[in-house]
Structure formats: C-alpha cells, structure tokens
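**Student:** So that we are looking at the same thing, I have put the structure below in structure tokens.
No value in this document is a laboratory result; all are computed from the given coordinates. Nothing here was measured: the structure is a model prediction, and the numbers come from that model. Note that each Cβ is placed from the backbone with ideal geometry, even for glycine, and that neighbours are counted across all protein chains shown.
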Amino acid sequence: MGPDRTCARLKPFPIWLAPGISLANGWTLMVANFVVIGSLAFINVAQGYILKEHLKIAEDIQGTVSGDLALWNELIIIALSSPFGIMADRIGRRPVIAVGMLAVSAGFVIYAFADSLAVLTLGRVVYSVGAAATSAMVATIGADYPQEVSRGKMIGVGSLMNALGIVALTVILAQVPSWLRADGMDPIVAGRWMMMIGAIYCAAAAVVFQIGLKAGAPAAKGERTPILGLLRVGFTEARNPRVALAYAAAFTSRGDLVVVGLFVTLWSVQAGTAAGLDSATALQRGTIVFAASQTVAMLWAPIMGLIMDRVNRVTAVAIAMVFATCGYFATAVLASPLDALGMPVFMVLAIGQVSALITSQGLIGQEAPVRARGAVVGMFSLWGAAGILIATGVGGRLFDSWAPYAPFVLMGVANLALLVAAIAVRLKSPGLMVGRSAIE
C-alpha cells in the first residue's frame, strides 16, 4: 500500500499528509505536540517548587498532596475528554485546542499567585479544563492528518516534538527561579516569574494554533452521527479487541508519562537532601536525570515510529510493554534516582514510556472509525486519564507510606498485565498488517 503522492508531504520527513491537509497544517500540529505535552510535564515539575517555597508544605506529605492535585486534574479530564471529542466533531478541532490552550495559560497564572492549597487546587482545576481539550485534540488531529502508510512515522516525529517540548519547559523554564534567585530575587517572586513566562508561552501557542490548523469540522453536517450516537461509539467500539487494547494502552501510557514527571524530581529532592545536598542542588541533579531520560525518549521515538510501520501494530504495543515493564520494575533496586544506576534505569524506562505512547496512539488511529474519530479518541483520552488517576492518587500515597519507588512498581504491574493482553490479542485478533495484506 503506497502513499497518495498528490497530497502534501511533511518535508523533510517521509510523512504523507491526508487529502486537504497542507504543509502549514502539518507543521502546526508539530508545534502543538511540542507545546501541549511540554506544558503537561512542566506543571508537575514546577509544582514541587511551588509546594516547597510558596506554600511551605511538609516534605512527608508532598507525595500525597502532589498525587491529589494530579487526581483533580484527571477527574476533570475524565469528565471532559469525551465531550471535547464530540465538540471537535461538531465545530472543528481548531477552536477547541486554541481555547484549551488559553485555559492552560490561565491555570499557570493562578499557580503563580496561589497563597494556599485551596487556591493552588483552583489553578489546577482551570488548567485541567485546558489540558482535557488540548491533549484530546493533539491525539485527534494526529489521527486526522497523516495517510495510513505514514501514521507511525507521524506519531514518531510527533513524539520527538513531545520530548523536545518536555525538555525545553522542564529543563529551561524550571531553571528560571534559580537564575533569578542567584541575582537576589525573593524565592516566591522568582517562582511567579517562572509560571508567568509559562502562561505567556501557552497564550502565544493558542494564537499559532488558531492561525495554522485546518479550519472547519471534519465532516458535512448532514453526515454526522447524533451526539448520543457519538457517545455510544466510544463504548461500543471497544467490542473490537484492538480498540479495547488501545484503550488499555492509553491507561498505562498516560499514567507512565505523569508518574515519571511527577515523582522523579520529588524523589530526587528528598533523597538528595537526605544525603546532605541542599534542595536546589538535589533538584538540579534530579532534573538532569529526568532530562537525560527524555532525551533518550526523543531519540528513540522516530525509531519506534519506523518499527510500528513495519510490524503489526498490536505487536508494536507488545514490544513497547517489554521495555516499559523492565524499566519500571528496575526502579525497585534504586536507593535514589541520583545513584549510578539511576541514569540507565530511567533511560530504559523512558524508552518504554515513549514506545507505549506511540504504539497506543498508532493503534487507536488505525482502528477508530473516521467519521466518529473524535468520540473514539476522546474515549481513548478518558482511559488515559483514568490511568493517571490511579497512578497519581494511589501512587502518591504509596510514595509517602511505602517507598519512593512504589508508584513506579505500580506502573510496572500495569504494563506487565498489558503485555499479556497484547500477546493474547495478537494471537486471536491481529487486525491490519501495515504495508502488507489486511487481516480481519
């Protein structure tokens, strides 16, 4: 199955875009991948500084507080992801993602000036409305824009942009307080500058999305399924075992992403200070571990995209789960992420994390019906939010009460279960073999 070469190609990559999608549309999607996922990771990294310096939260409950804030985040995403998918099928992807990005910006502003946990929670709620819209739309647009033969490569390059965005915001923007404090600025004012710069960044991205993405709804009004029908699609499509597997993969892969961002730096600060480092140095070293792991994810993402376009996509999910399971269980041997073994363990974990994200998106993009794709991808995002809900709500408490590696072991168990499920689906219902014959 070859590409339709009358359509645009996302130069310089060998990615062929779907009919009606321009080169500008394609590159704006890449900007969205860079900004949206970076902002999701940034709030978790920045949150530790806000809890410590702005609100003076005790260290022995920071895991629970962080988990609870993320839990509010995911409850809202669970409630809104599917409605946003339906709205996108009705009015188009562009206004949903642009307004969502403005909500993220507003959440950052509230974080900047929060003087209590209640106000911080309000900021997280506002941010979460935007996160629900933007994360659902990045996945939906990413499913809309490529031709089928280029879907894996599109997701691979998109994941490369995800990793670049994560590194840019967490490594560069998260350093703003230390730079400003070195010049004598008050810690709280420095933290406010960090969050306000992030807010301006997100607001500017909303303008870019409004200009650069394809306008209009994906289908003519007369051809659309009624709203209740679209809601049913998300559930009924799970009768397809490959869609059900994709939903389960979203559950683990989204949980993977947040667990790494939320708990690596928190664990690093606590372990580093216990070993005699000051908190700033411990945070700096933890950020280096996190950035190195995301750099490995960035380099691996295009490779995983190529693999996914050469094997059955259920097989690709199983491959991803092998890496993720090994990486997560390996954290149990670490006393600290700052140990000599910490860097290689989190690099393997990052390969599994990005592979799970890429393969789950590729599978749902292949299996979702075109005319109701927004509803199905919205349900996919909902399952991802449920994964984060468990990983953060339970993981945060295990972090404080059992061990700092407990949230990672929890995700290792989930990834192992998904590996078994992927093997079962591959044997009984393999589905489409990309580039070869279709098997139903």
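**Student:** Counting other C-beta atoms within 10 Å, which of 402, 300 has the fewest, and how do the rest follow?
**Tutor:** Lowest count first: 402, 300.
**Student:** In what order do 55, 338, 23 fall by count of nearby beta-carbon atoms within 10 Å, going from fewest to most?
**Tutor:** 23, 55, 338
**Student:** Something else: How big is the charge dipole of the chain about its Cα centre, in debye rounded to the nearest 20, if each Lys and Arg gets +1 on its Cβ and each Asp and Glu gets -1 on its Cβ?
**Tutor:** Charge dipole, the chain, about its Cα centre: 1440 debye, nearest 20.
**Student:** Right, next: Report, in whole Å, the centroid distance computed from the Cα atoms of the range 293-312 and the range 342-377.
**Tutor:** If you average the Cα positions of each part, the centres end up 11 Å apart.
**Student:** Once the dipole of the range 23-428 is set up with Lys and Arg at +1 and Asp and Glu at -1 on Cβ about the Cα centre, which of 315, 366, 78 lies farthest towards its positive end?
**Tutor:** Farthest towards the positive pole: 366.
**Student:** If you take the Cα Rg of the range 24-162 and divide it by 2.2 N^0.38 Å, with N the number of residues, what do you get?
**Tutor:** That works out to 1.14 for the range 24-162.
**Student:** While we're here: How large is the Kirkwood hydrodynamic radius of the range 329-389, counting all unique pairs of alpha carbons, in Å?
**Tutor:** After inverting the pairwise mean of 1/r, the radius is 13.8 Å.
**Student:** Follow-up question, since we're still on this one. For the chain, what number of Lys pairs, 8 or more residues apart or on separate chains, have alpha-carbon atoms under 27 Å from each other?
**Tutor:** Total qualifying Lys-Lys pairs in the chain comes to 4.
**Student:** For the chain, with the dipole built from +1 on Lys and Arg beta-carbon atoms and -1 on Asp and Glu ones, taken about the Cα centre, which of 233, 101, 408 lies farthest toward the positive end?
**Tutor:** Among 233, 101, 408, the one farthest towards the positive end of the dipole of the chain is 233.
**Student:** Between 71, 283, 427, find the one with the highest GNM mean-square fluctuation for the chain; connect C-alpha pairs within less than 10 Å.
**Tutor:** Residue with maximal mean-square fluctuation among 71, 283, 427: 427.
**Student:** Further question: Based on the alpha-carbon gyration tensor of the range 38-83, what equivalent-ellipsoid semi-axes (square roots of 5 times the eigenvalues) come out, in whole Å, largest first?
**Tutor:** 23, 12, 7
**Student:** With no solvent and one point per C-alpha, what does the Debye sum give as log10 I(q)/I(0) for the range 379-418 at q = 0.19, 0.31 Å⁻¹?
**Tutor:** Log10 of I(q)/I(0), two decimals: -0.54, -0.99.
**Student:** Along each of the three principal axes of the Cα atoms of the range 95-249, give the extent in whole Å, ordering the values from largest to smallest.
**Tutor:** Its Cα atoms span 60, 34, 33 Å along the three principal axes.
**Student:** Hydropathy at least -1.0 by Kyte-Doolittle, axial extent at least 27 angstrom from the Cα trace: which helices of the chain, defined as entire DSSP H runs, fit?
**Tutor:** Those that clear 27 Å and a mean of -1.0 are 23-49, 62-91, 93-113, 117-144, 187-212, 241-274, 279-308, 342-367, 373-401, 406-428.
**Student:** Starting from the eigenvalues of the Cα gyration tensor, five times each then square-rooted, give me the equivalent ellipsoid semi-axes of the range 1-95, largest first, whole Å.
**Tutor:** Computed over the range 1-95, the values are 39, 18, 10 Å.
**Student:** Right, next: According to a simple spin-label model (label point 7 Å from Cα along Cα-to-Cβ), what is the distance in nm between residue 7 and residue 61?
**Tutor:** Each label point is offset 7 Å from its Cα along the Cβ direction, giving 5.3 nm.
**Student:** Under the Kirkwood approximation for Rh and a Cα-based Rg, what ratio Rg/Rh is obtained for the range 293-440?
**Tutor:** Rg divided by Rh gives 1.01.
**Student:** Separate question: Take the Cα atoms of the range 250-361, build their convex hull, and give its volume per residue in Å³.
**Tutor:** 82 Å³
**Student:** Picking from 307, 423, 172, which is most flexible by a Gaussian network model of the chain using Cα springs under 10 Å?
**Tutor:** Of 307, 423, 172, the Gaussian network model singles out 172 as fluctuating most.
**Student:** Can you find, among 92, 249, 277, the residue farthest towards the positive end of the dipole of the chain? Put +1 on the C-beta of Lys and Arg, -1 on that of Asp and Glu.
**Tutor:** Result: 92, furthest along the dipole toward the positive end.
**Student:** Could you give the longest part of the chain that holds none of the trypsin sites (Lys or Arg not before Pro) found in DSSP loops with at most 11 neighbouring Cβ atoms within 10 Å?
**Tutor:** It works out to 57-435.
**Student:** Using helices alone, what [θ] at 222 nm do you get for the chain, with -39,500 (n - 2.57) per DSSP H run of 4 or more residues, divided over all residues and rounded to the nearest 500?
**Tutor:** Calculated at 222 nm, the ellipticity per residue is -26000 deg cm²/dmol.
**Student:** Ranking 59, 74, 237 by Cβ neighbours within 10 Å, fewest first, what do you get?
**Tutor:** Ordered by Cβ neighbours within 10 Å, fewest first: 59, 237, 74.
**Student:** If I take all pairs of Cα atoms in the chain, what percentage of them are more than 39 Å from each other?
**Tutor:** 15 percent
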